[in-house]
Amino acid sequence: MKVAKNTVVTLRCQIAAAQGTPIDSTTFQLVYLHGGYENVAPQLEDALEGREAGESVVLTMAPEDAFGEVDAELVRQEPRSAFPPGIQIGMTFGGGNRPTYDEDTVDYRVVAYDDEYVILDGNHPMAGKTLHVTCVIGDVRAATQEEIEAGRSQ
């Protein structure tokens with residue numbers, strides 16, 4: 001079966017930085033409902049259209065097509081006293097609404113700290129990066145009516 005509107009597609013993907021080095025050494029699986037449901041980047045959906053199981057696609061995605069540009073408004077400096085003892089780089093804390101989106105909440109990652117301040121970043125870790133995405137199609141099947149009505153795979 002070919003990838004087309006209202007098919008559920010299973011992909012094995014790997015993401016690498018622009019220099020080709022893997023960002024994460026693991027290959028991850030993604031299952032999504034194809035056909036304009038905004039479940040994957042439009043550029044990836046376009047590249048997969050009409051392909052079959054076993055085929056692969058390789059894309060270079062600019063930041064605006066992937067995880068967006070770095071938003072300086074999502075980087076905060078907070079007093080160290082507001083955080084628990086044992087804070088570490090990489091820890092995340094819920095942080096309320098994004099400054100530019102009323103409905104989206106954001107988790108902030110600790111990116112630096114000293115005795116006085118903690119620097120938090122609410123951007124996606126891959127924001128601002130050009131990415132090379134390699135995906136192999138593992139399976140393509142017709143979506144169920146429930147999946148189509150929900151706009152996502154089950």
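Where a number appears in this text, it was derived from the coordinates with a stated rule and is not lab data. Not measured: the values here are computed from a predicted model. We place every Cβ from the backbone using ideal geometry, glycine too, and count neighbours over all the protein chains shown.
Stretched out fully, how many nm does the piece from Glu73 to Thr130 gain, at 0.36 nm a residue minus the Cα gap?
Details: separation 57, 0.36 × 57 = 20.52 nm, distance 2.08 nm.
Difference between extended and current length: 18.4 nm.
Please work out the Cα center distance from the stretch 57-88 to the stretch 111-154, rounded to the nearest Å.
13
Suppose the chain between Thr144 and Ile89 were pulled fully straight at 0.36 nm per residue; how much longer would it get relative to their current alpha carbon spacing?
Values: separation 55, 0.36 × 55 = 19.80 nm, distance 4.31 nm.
So the chain would gain 15.5 nm between Thr144 and Ile89.
What residue among Pro79, Pro42, Pro63 has the largest mean-square fluctuation in a Gaussian network model of the chain, using Cα springs under 10 Å?
Pro79
Based on the alpha carbons, how large is the Rg to Rh ratio for the stretch 52-154 when Rh follows Kirkwood? Intermediate values should be presented prior to the final figure.
Values: Rg = 19.1 Å, Rh = 16.9 Å.
When Rh is taken as the Kirkwood radius, the ratio is 1.13.
Note down the magnitude of the dipole of the chain about its Cα centre, charges +1 on Lys and Arg C-beta and -1 on Asp and Glu C-beta and zero elsewhere, to the nearest 20 debye.
Details: 11 positive and 25 negative charges, 107 e Å.
Result for the chain is approximately 520 debye, rounded to the nearest 20.
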